[in-house]
1. Output the residue which, of all residues in segment 486-513 that are within 15 Å of MET461 (Cα to Cα) and basic (Lys, Arg), is surrounded by the most Cβ atoms within 10 Å (Cβ to Cβ).
2. If we scan segment 186-205, do we find a residue that is modelled with pLDDT of 90 or more, crowded, with 21+ Cβ neighbours inside 10 Å and not aliphatic (A, V, I, L, M)?
3. Under the condition of being among the aromatic types (Phe, Trp, Tyr) and outside any strand (DSSP E or B), which residue from segment 33-64 is nearest to ARG20 (Cα to Cα)?
4. If I filter segment 535-558 down to residues being basic (Lys, Arg) and more than 16 Å from the ligand (Cβ to nearest atom), which single residue comes out as nearest to VAL577 (Cα to Cα)?
5. Can you tell me which residue is farthest from the ligand (Cβ to nearest atom) among those in segment 501-534 that are farther than 14 Å from VAL568 by Cα and of a type in the set (Gly, Ala, Ser)?
6. Any chance you could count how many residues in segment 260-271 are in contact (Cβ under 8 Å) with a residue 12 or more places away in the chain and either over 14 Å from THR130 (Cβ atoms) or part of a loop (DSSP other than H, G, I, E, B) (or both)?
7. So which helices (runs of 4 or more DSSP H) are wholly in segment 506-582 and hold at least 3 residues that are free of Cβ contacts under 8 Å to residues at least 12 places away in the same chain and outside the structural domain of GLU195 (by TED's automatic domain parsing)?
8. Is it true that SER96 is at negative phi, of a type in the set (Ser, Thr, Tyr) and under 23 Å from the mean Cα position of the chain (by Cα)?
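The values are calculated or read from the model by the stated rules, or taken from the named source; none is laboratory data. As the structure is a computational prediction, the values presented were derived from the model and not from experiment. We place every Cβ from the backbone using ideal geometry, glycine too, and count neighbours over all the protein chains shown.
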Amino acid sequence: MGGLTGARERSVHTGGVELRVAELGDASRPTVVLVHGYPDSKEVWSGVATRLADRYHVVLYDVRGHGRSTAPRPLRGGFTLEKLTDDFLAVVDAVSPDAPVHLVGHDWGSVQSWEFATVERTRGRVASFTSLSGPSLDHFGHWIKKRAARPTPRRLAQLVNQGAKSWYVYMLHTPVLPELAWRGPLGKRWPRVLERLEKVPAGDYPTSSLGNDAAHGAWLYRDNVRARLRHPRPDPYAHAPVQLITPTGDIFLSQRLYDELESWVPQLVRRTIPAKHWVPRTRPDQLAAWIGEFVDSQEALRQSGRATSLTLVEGGRPRGSARRRAALARYAERFAGQLVLVTGAAGGIGRATALAFATAGARVIAADRDGAGAAGTARAALAAGAPRAWAETVDVGDEQAMDKFAAKVAAEYGTVDVLVNNAGIGLSGSLLDTTPEEWRRVLDVNLWGVIHGCRLFGRQMADRNQGGHIVNLASAAAYLPSKTLPAYSTSKAAVLMLSESLRAELAPRSIGVTAICPGIVNTGITRTSRFAGAGKEEEAKHQQRAAKLYGVRNYPPEKVADAILRAVLDNSAVVPVTPEARGGRLLARLSPKGARAFARLNPPV
Ligand code: NAD
């Protein structure tokens, strides 16, 4: 990830301390100020800073007492939010005297930035604020008060949950011990702890100042937490637009803390990211992309003189019940801006899935062997709200074509965040009637297509080392044997096992894997399914009957798409979708004998 090579450094003197400030990029561009947390120094931002430096004037500083900034004397009382605000203003005066800055804070850097974005004396100096894993102490204080004043079982549970996550805050309030631990054994072990628990890549972070940073930084807690939580300011309203990025795997902060944030922040964009606490180290690409997008949108508004709020992520206009709208908002928080590749996207479940991701604001690659159909989906994706959408023609069963395709995607669009291996074909007919050629075709598409997708795009995700998700379309036929679907069921059972095994393999890399087992879904698959052993005419009849049955069942592919987005959000392992798929799974588990009896039945088509 590299350090801050090429940075221009200077000192800013304020309130008896000397702050070390680093700058990257062209100073005439919009200024982005990155504020680090605890126990960190400005180097925590190096990955993000270097990614932003070609487009912005990037400024980082060591918070007083951290890194190469000096500590106030005495320490007690030297770290109040008021003093930290003085520091921020001094830095901003030095680096961007004429234009407001875009503020980004992580952990305690975010806690203090909330102060900068909500107190009166910084009004006009903050153009936007991106907050990561650090709440406003005032908002937090009001959050606690509300729950304590009007406790319901749910609110009490939320209090207890956050209380349990705050164990380290109590520890830091004890005198002297934290300092001894950080300057001694804890400081030594910390890099390994970060690597193991937080999956922070090893390298030039944390820096050698860690012991001092952590010892001094304990005063951030002691000087502020109790006082503010007991007596939160009555009016901590944000005077700048805020982008809230919430890592879903943050062990220090409950997501519920932000439930009422809209009442304090008139212009709020929410994002979630499946990551742990140290996102600046583990997800610099995604962060840099989101920061850049937010900064650009705010700069565009500022320049056009409009101070309207931005609705970045909703895509299509949400309709339906409040629950549905909440689900759409959650999808948008998670998927906006992500790169999603769907195979078999020309029709059916693939097309519905591509459009659902598009509605959530994702960038979509619609791939299919039917190029014209894929192009239609890409156009519809743009109309549904995708910021970008592309169509690609590829046969997923063709190894060489897939090799080329994966290389092209990486070179032209980047690393895929979510891959949906959906392309598949149907084949009915007894094993004795199925020719080797028919076997080969169904395995090539349904199984090898998934293997190629997982292998090639899984490798790219793993190499990027920033997580991701792979969804494989299996089927209820994967766990329900049937005498008329031997080839199809075999291909889908293999996809299910492949998904389960790969899930175990990729979990340590924060890449989720899901197998979807739809059930009977009304798509065009019935029109193209082959029936082994049947002549042309008989096959056409079978297809018509199947289409009729699927039409009567009439389960829409959009519902499968919704289940796919939800599964990625929740990182589910296996998702049977329709009631019959769920019932079948129960039967296969509780009564394998019953499932075997079922396998002998003559199917309706
Ligand atoms: P569909 O026939 O409507 O769509 C499949 C798409 O995949 C088509 O656009 C087709 O052109 C494309 N495709 C087929 N072979 C391809 C290849 N070799 N390379 C690239 N693209 C190819 O089917 P659907 O019902 O939407 O099915 C999608 C997936 O869901 C399949 O894997 C299917 O097995 C699975 N599934 C469907 C049902 C159902 O009831 N419809 C049930 C269980 C599982």
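1. ARG503
2. Among the residues of segment 186-205, not one is modelled with pLDDT of 90 or more, crowded, with 21+ Cβ neighbours inside 10 Å and not aliphatic (A, V, I, L, M), which makes the answer no.
3. TRP45
4. LYS541
5. Per the criteria, the residue is ALA504.
6. 5
7. Of the helices (runs of 4 or more DSSP H) lying wholly inside segment 506-582, those with at least 3 residues that are free of Cβ contacts under 8 Å to residues at least 12 places away in the same chain and outside the structural domain of GLU195 (by TED's automatic domain parsing) span 536-553.
8. no
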